[in-house]
């Protein structure tokens, strides 16, 4: 069964990358309420998917007709670090990507999300708490709705940083964390 999880985002711009989104599609050890249970993602949960050479897509709202990039072509780069599942996405010159970039620059996007399934033994249940220890990652998505995981970050790299000084970037980041 394919599952999807969403997270909120931060948007700020910086020089040197005219059409790039960067951030985290998932944050480790951050609890989210999913229906009637709480879920966290353990560090290393994406390791096998990333090491296996799976072609992972970047989509808009989980819609396979709205592809923003993919790992096979190199336009989507994914990695795990101590914080979570980091991504860098070079956006194409399509209407969907232009819309996403415009919304990201304004701070109007709802969050990031990821689609996955859980292999046998990949999760652990303790009462109403689930920990994802290993997942088969299929896609990440830029979403326009509400997040399940509130700490995820996406950064729009489109305009010079002088348009968003350090104080403004900090304000945007704090707004994102507060929801």
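The values are calculated or read from the model by the stated rules, or taken from the named source; none is laboratory data. If you're wondering where the values come from, they're calculated on a predicted model, not measured in any experiment. Reconstructed Cβ throughout: ideal geometry from the backbone, glycine too, with neighbour counts over all protein chains shown.
Here are a few things to note about the model shown:
- Positions within segment 49-74 being free of Cβ contacts under 8 Å to residues at least 24 places away in the same chain, in a loop (DSSP other than H, G, I, E, B) and surrounded by 19 or more Cβ atoms within 10 Å (Cβ to Cβ), in sequence order: 71
- Exactly one residue among 89, 103, 109 is touching a strand residue (DSSP E or B) at 6+ places or on another chain (Cβ under 8 Å), outside any strand (DSSP E or B) and surrounded by 14 or more Cβ atoms within 10 Å (Cβ to Cβ), and that residue is 109.
- Inspection of segment 61-80 finds no residue satisfying the criterion of being touching a helix residue (DSSP H, G or I) at 6+ places or on another chain (Cβ under 7 Å) and modelled with pLDDT under 90.
- Checked against (1) part of a loop (DSSP other than H, G, I, E, B); (2) within 16 Å of the chain's Cα centre (by Cα), residue 21 passes all but condition (1).
- Checking 13, 33 one by one, the residue that is at pLDDT below 90 and part of a loop (DSSP other than H, G, I, E, B) is 13 and no other.
- Subset of segment 80-129 (residues that are under 13 Å from the mean Cα position of the chain (by Cα) and without any contact (Cβ under 8 Å) to a residue 24 or more places away in the chain): none
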